[in-house]
1. Can you work out the FRET efficiency for the pair S133 and S19, with r the C-beta to C-beta distance and R0 = 41 Å, to the nearest 0.05?
2. If I model a spin label as a point 7 Å beyond the Cα along the Cα-Cβ vector, how far apart are those points for D79 and E157 in nm?
3. Along the Cα-to-C-beta direction of K100, a point sits 7 Å from the Cα; which residues of the stretch 113-139 have their amide N less than 18 Å from that point?
4. Amide H to amide H under 5 Å from V156: which residues, 5+ apart in sequence or cross-chain, H placed 1.01 Å off N in plane?
5. Quick one: if the Förster radius is 22 Å, what FRET efficiency do E6 and N143 give, using the C-beta to C-beta distance and rounding to 0.05?
Amino acid sequence: MPLSDEDVREILRIIDESSLTELQIETEGFSLHVRKGGGGAEASGRPWVREASERGAVRHPPGGPQGSTTPPAPDAETDGLATITAPMLGTFYRAEAPGKPPFVDVGQRVEPDTIVCIIEVMKMMNSVTAGVSGTIATVVPENAELVEYGQTLFRVEPA
């Protein structure tokens, strides 16, 4: 499924509004790799360069790619709690729709297959499961907050 120019603009907007420096999306027959940074004397005034490839579009800053694919470091203080982290960059939602109850709340028991939230990426809703058994101790991001790959979403008291 190719991305439209509007889709790519939305991806770039999300990256610009976050501290994320790189994003790579790969599907069957398509690849998009975006890195933030660069600029300087070699910049042409265009913050991103688009290249066509057999698998899709590649955009990177002029002067070559920069950045890191390393996810953010996990929180140093977990107090023995397990963490549920964001599997992707996107908008975090606690419920399936506005006005609906959250998937989980503090004090609620979860199993590995319990859906705890959704992350919206380019108008696609992606369910996130707990991946661990226990009780929700903390919900870290606010509803509708932009989250990054590897960011802690929930802290769970293991069962």
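1. E between S133 and S19, to the nearest 0.05, is 0.80.
2. Roughly 1.0 nm, to one decimal.
3. Flagged as within label range: 113-130.
4. When sequence neighbours closer than 5 places are left aside, the close amide H contacts are A82, T83, I84, A137.
5. Values: r = 25 Å, r/R0 = 1.14.
Given R0 = 22 Å and the Cβ-Cβ separation, E is 0.30.
Coordinate-derived values only; no laboratory data. None of the values given here were measured: they were computed from a predicted structure. Virtual Cβ from ideal backbone geometry, glycine too; neighbours counted across all protein chains shown.
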